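Novice: My questions all concern the structure below.
The values are calculated or read from the model by the stated rules, or taken from the named source; none is laboratory data. Computed from a predicted model, the values in this text were never measured in an experiment. Don't worry about glycine lacking a Cβ; one is built from the backbone with ideal geometry, like all the others, and counts go over all protein chains shown. Side chains included, ligands, DNA and RNA excluded: accessible areas come from the protein's heavy atoms. Shrake-Rupley method; radii C 1.70, N 1.55, O 1.52, S 1.80 Å.
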2 protein chains.
Amino acid sequence: MNKLKIVFFSAILFFLWSCSQPKEQAAGTEQSGTINENPLPSWNEGETKTAIINYVNDVTNNDSKNFVPVADRIATFDNDGNLWSEQPAYFQLFFAIDRVKAMAGQHPEWQEQQPFKAVLDNDMQELAKHGEHGLLELVMATHAGLTTEEFETIAKDWLATARHPKFDRPYTDLVYQPMLELLKYLQDNDFKTFIVSGGGIEFMRPWVEEVYGIPKDQVIGSSIKTEYEYNDGNPVIRRLPAIDFIDDKEGKPEGINRFIGRKPVFASGNSDGDLQMMRWAASNSLESFMLYVHHTDSVREFAYDRNSHVGRLDKGLDEANEKGWTVIDMEKDWKVVYPFELNEN
Amino acid sequence: MNKLKIVFFSAILFFLWSCSQPKEQAAGTEQSGTINENPLPSWNEGETKTAIINYVNDVTNNDSKNFVPVADRIATFDNDGNLWSEQPAYFQLFFAIDRVKAMAGQHPEWQEQQPFKAVLDNDMQELAKHGEHGLLELVMATHAGLTTEEFETIAKDWLATARHPKFDRPYTDLVYQPMLELLKYLQDNDFKTFIVSGGGIEFMRPWVEEVYGIPKDQVIGSSIKTEYEYNDGNPVIRRLPAIDFIDDKEGKPEGINRFIGRKPVFASGNSDGDLQMMRWAASNSLESFMLYVHHTDSVREFAYDRNSHVGRLDKGLDEANEKGWTVIDMEKDWKVVYPFELNEN
């Protein structure tokens, strides 16, 4: 339930969040060469890029003592804050809040019923009083009851129309260009890439194939329970108002074991919620690579780490430094953050 | 718990089962051409083979109104009785019984404690008295407590040494040659093939890659709960004595939704436990293909259907006939059943 607590506080944060932050300013980028010549064109030369390329060259070299057979080339990526942004709050929370507002017409009782009233009144101080339980009520009311097909349509429609409060762009524009290149680079080297996220599995699946080139069946996430209904010969799977699995912290290696059945050799995350996944990959008897995204760029994205309520990176940062895992300094290591910056130069 | 009931009764059946059945006799096979020229060489010409090939040609033809995009080419296969044999009892039950015997030395109390005593005494009448609960005790005692790595080693070792009571061969020899060819044929046509079995997911994963060419992460099965342990920096995942998920009947479409996230266009099974999966595939808006294996061959394999306690095919057979799904008549449609027959001709 820690994830929910974090999500909840991120909601509060969001509504208290002043719009005083500087508007994004695309960094100068020098796109030289094609992907084929330079697999990571949006990465600045330096230790981080070199470490990634050296690792891939090493484990895909048949003559290397560190050679990793193709079947074992499993790469796992957190999503929120690792492949796309997560500030000022997890994007899925914006979805839940928008759903409450969209559904309010069919729920006149919400006008007087907390915590829905608080959302409808934009009264986050009131919402805060309802704590985790209140947030859970929001998620269940907006994410359950529907069939999986209905939910997919609603999530897709929302993603097509909703806009990020800071960038005023669709949320799916806010994926990290350097990470897209890293995914492609690994896929080209016969790594099977998976998303392993605390976010909802059915909130991610509608768009990950198109945006990340990752098939739906290679997405692991948090889930609510479901139930098959025969429905007079038109079977559906209905989403139930009960938590099935929280894919965060210890849940990440458990989910990896359940869905993938082997340890990753490459793990990438950005928060303490990814630390168990990192340790799981680090314990692989095959040569493995652990990669943390450190949010250091207050101009192009957001800068946060040890004290953030969303995506806190504290113990993970200490352990990465102690164990020599690779840490991306977003400000220093990335030429651009978002794909749209490529068109602005 | 129906699965457990079936497994339990199959145990009883096994021990009551007389060895009076005729020894297998390899049918004459005429292997002509290579896999490339004839993708299903162990299938006799006829309606079944033609239906499969026509379907694949149709949905992979860009000009067909039934064309299925590659991302949607999801094929799901039951395992027990569909890709390998399941008589006289599910092979995993033989494993559990052998584990009780192997572990008895560390459990002197089992000499007097039911239902273990019944297994050690080969007293299946006594075991029967303990019903489902007794079977659950056997499975939990033999499948839980270990780390996932320990369990994988034990399952692999067992598969390498244990022998089927009728055929006196390793269990992994008892896979169906025609189904191996079908898997390969679909894979060659860009179908992503998944196992969706009531069997234990971690009992299957150690061998499916080598035997079926199906990666571990494309296996869905029943599971027990697990727990991540940091273990002083050498993390493990420990198997707990509690059911997590039964991947049978309604569980199959639920498991498919959870693990794959899209409906199959091709579903293959052999029992009423697969019927919900068949209906799920049949409800696909894309052109889909439903394939039942009907065990009609008492000479080369086993003949059973409506009255069998293991792999009962009753309602499924009626619905297949009613809806025009394809039903394999093993005796008529398959030139050989097992791969080893190829070497005997």
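Novice: Kindly indicate the residue of the range A:288-330 that is at pLDDT below 95 and open to solvent by less than 20 Å² (accessible area, probe 1.4 Å) and also nearest to the chain's Cα centre (by Cα) among those meeting that condition.
Specialist: Result: A:G311.
Novice: Now for a separate question. Does A:F245 satisfy the condition of being free of Cβ contacts under 8 Å to residues at least 24 places away in the same chain, open to solvent by less than 40 Å² (accessible area, probe 1.4 Å) and either of a type outside the set (A, V, I, L, M, F, W, C) or more than 7 Å from chain B (Cβ to nearest Cβ) (or both)?
Specialist: Judged against the criteria, A:F245 is a match.
Novice: Keeping to the range A:244-271, report how many residues are at pLDDT below 95 and part of a strand (DSSP E or B).
Specialist: Within the range A:244-271, residues that are at pLDDT below 95 and part of a strand (DSSP E or B) number 2.
Novice: Another one. In this structure, is B:V175 open to solvent by less than 20 Å² (accessible area, probe 1.4 Å), away from chain A (no Cβ under 11 Å) and under 25 Å from A:G251 (Cβ atoms)? Quick ask: steps written out before the conclusion?
Specialist: Working: open to solvent by less than 20 Å² (accessible area, probe 1.4 Å): yes; away from chain A (no Cβ under 11 Å): yes; under 25 Å from A:G251 (Cβ atoms): no.
Spelling it out, it is not the case that B:V175 is open to solvent by less than 20 Å² (accessible area, probe 1.4 Å), away from chain A (no Cβ under 11 Å) and under 25 Å from A:G251 (Cβ atoms).
Novice: Out of A:N54, A:N82, report the one residue that is more than 26 Å from B:E209 (Cα to Cα), part of a loop (DSSP other than H, G, I, E, B) and at pLDDT 95 or above. Let's see the steps before the verdict.
Specialist: Numbers: A:N54 fails: part of a loop (DSSP other than H, G, I, E, B).
Every option except A:N82 fails the conditions.
Novice: While we're on this one: Which of the residues belonging to the range A:62-81 are under 20 Å from A:K184 (Cβ atoms) and in contact with a Phe, Trp or Tyr (Cβ under 8 Å, 6 or more places away or on another chain)?
Specialist: A:R73, A:I74, A:A75, A:T76, A:F77
Novice: For residues that are assigned to a helix (DSSP H, G or I) and of a type in the set (V, I, T), scanning just the range B:125-151, find the one that is surrounded by the fewest Cβ atoms within 10 Å (Cβ to Cβ).
Specialist: Residues of the range B:125-151 assigned to a helix (DSSP H, G or I): B:125-129, B:131-143, B:148-151.
Among the residues that remain, those that are also of a type in the set (V, I, T) are: B:139, B:142, B:148.
Details: B:V139: 22, B:T142: 22, B:T148: 20.
Filtering first and then ranking leaves B:T148.
Novice: So, in the range B:87-100, of the ones that are under 21 Å from B:M140 (Cα atoms) and part of a loop (DSSP other than H, G, I, E, B), which residue ends up least open to solvent (accessible area, probe 1.4 Å)?
Specialist: Here is the first cut: in the range B:87-100, the ones under 21 Å from B:M140 (Cα atoms) are B:89-100.
Going one step further and asking which of them are part of a loop (DSSP other than H, G, I, E, B), we end up with B:89-90.
Details: B:A89: 0, B:Y90: 20 Å².
That would be B:A89.
Novice: Okay, moving on. Return yes or no: is B:E209 without any contact (Cβ under 8 Å) to a residue 40 or more places away in the chain, within 11 Å of chain A (Cβ to nearest Cβ) and open to solvent by 20 Å² or more (accessible area, probe 1.4 Å)?
Specialist: Working: without any contact (Cβ under 8 Å) to a residue 40 or more places away in the chain: yes; within 11 Å of chain A (Cβ to nearest Cβ): yes; open to solvent by 20 Å² or more (accessible area, probe 1.4 Å): yes.
Taking the combined requirement at face value, the residue satisfies it.
Novice: Let me ask something else about it. Which of the residues belonging to the range B:331-345 are surrounded by 20 or more Cβ atoms within 10 Å (Cβ to Cβ) and in contact with an Asp or Glu (Cβ under 6 Å, 6 or more places away or on another chain)? It would help to see each step written out before you state the result.
Specialist: We begin by selecting, within the range B:331-345, every residue surrounded by 20 or more Cβ atoms within 10 Å (Cβ to Cβ); these are B:333-338, B:341.
Hit for the range B:331-345 is B:V337, nothing else.
Novice: For the range B:260-279, indicate whether the set of residues that are farther than 15 Å from B:E319 by Cβ, within 8 Å of chain A (Cβ to nearest Cβ) and open to solvent by less than 20 Å² (accessible area, probe 1.4 Å) is non-empty.
Specialist: Yes, because at least one residue in the range B:260-279 is farther than 15 Å from B:E319 by Cβ, within 8 Å of chain A (Cβ to nearest Cβ) and open to solvent by less than 20 Å² (accessible area, probe 1.4 Å).
Novice: Tell me which of these B:T193 doesn't satisfy, since it passes every other one: (1) modelled with pLDDT of 95 or more; (2) open to solvent by 10 Å² or more (accessible area, probe 1.4 Å).
Specialist: For B:T193, the failing item is (2).
Novice: Across the range A:152-172, which residue is most open to solvent (accessible area, probe 1.4 Å) among those that are touching a helix residue (DSSP H, G or I) at 6+ places or on another chain (Cβ under 9 Å) and of a type in the set (D, E, K, R)?
Specialist: So the residue we want is A:R163.
Novice: Which condition does A:M103 not pass, out of (1) at pLDDT 95 or above; (2) over 23 Å from A:V336 (Cα atoms); (3) away from chain B (no Cβ under 14 Å), if it passes all the others?
Specialist: (1)
Novice: Further question: Hey, can you tell me all the residues within the range A:101-113 that are surrounded by fewer than 16 Cβ atoms within 10 Å (Cβ to Cβ) and not basic (K, R)?
Specialist: First pass over the range A:101-113, keeping only residues surrounded by fewer than 16 Cβ atoms within 10 Å (Cβ to Cβ): A:101-103, A:105-109, A:111-113.
Once the filter is applied, which keeps residues that are surrounded by fewer than 16 Cβ atoms within 10 Å (Cβ to Cβ) and not basic (K, R), the range A:101-113 yields A:A102, A:M103, A:G105, A:Q106, A:H107, A:P108, A:E109, A:Q111, A:E112, A:Q113.
Novice: Go through A:A160, A:A128, A:A141 for me and flag whichever is farther than 17 Å from A:P241 by Cα and modelled with pLDDT under 95. Give the steps one after another, and end with the answer.
Specialist: Details: A:A160 fails: modelled with pLDDT under 95; A:A141 fails: farther than 17 Å from A:P241 by Cα.
Result of the check over A:A160, A:A128, A:A141: A:A128.
Novice: Moving on to the next point. Could you list, in sequence order, all residues of the range A:224-239 that are under 18 Å from A:T153 (Cβ atoms) and at the interface with another protein chain (Cβ under 7 Å from one of its Cβ atoms)?
Specialist: Within the range A:224-239, A:T226, A:N234, A:P235, A:I237 qualify.
Novice: Test each condition in (1) more than 9 Å from chain B (Cβ to nearest Cβ); (2) surrounded by fewer than 20 Cβ atoms within 10 Å (Cβ to Cβ); (3) among the small types (G, A, S) for A:G199 and report the one that comes out false.
Specialist: Single failed check for A:G199: (2).
Novice: Among the residues of the range B:54-70, write down those that are of a type outside the set (S, T, Y), touching a residue at least 60 places away in the same chain (Cβ under 8 Å) and open to solvent by 10 Å² or more (accessible area, probe 1.4 Å).
Specialist: Residues of the range B:54-70 that are of a type outside the set (S, T, Y), as a first pass: B:54, B:56-59, B:61-63, B:65-70.
Of the ones still in play, those that are also touching a residue at least 60 places away in the same chain (Cβ under 8 Å) are B:56, B:58-59, B:66, B:68, B:70.
Selection gives B:D58, B:N66, B:V70.
Novice: Follow-up. Inside the range B:39-53, can you point out the residues that are charged (D, E, K, R) and crowded, with 20+ Cβ neighbours inside 10 Å? Before the answer, list the steps.
Specialist: Going residue by residue through the range B:39-53, those that are charged (D, E, K, R) are B:45, B:47, B:49.
Scanning the range B:39-53 gives a single hit, B:K49.
Novice: Go through A:K49, A:K65 for me and flag whichever is among the charged types (D, E, K, R), at pLDDT 90 or above and not in a loop (DSSP other than H, G, I, E, B).
Specialist: Working: A:K65 fails: not in a loop (DSSP other than H, G, I, E, B).
Result: A:K49 is the single residue among A:K49, A:K65 that is among the charged types (D, E, K, R), at pLDDT 90 or above and not in a loop (DSSP other than H, G, I, E, B).
Novice: Also: Check off (1) surrounded by fewer than 19 Cβ atoms within 10 Å (Cβ to Cβ); (2) in contact (Cβ under 8 Å) with a residue 60 or more places away in the chain; (3) not in a loop (DSSP other than H, G, I, E, B) for B:N122 and give me the number that stays unchecked.
Specialist: (3)
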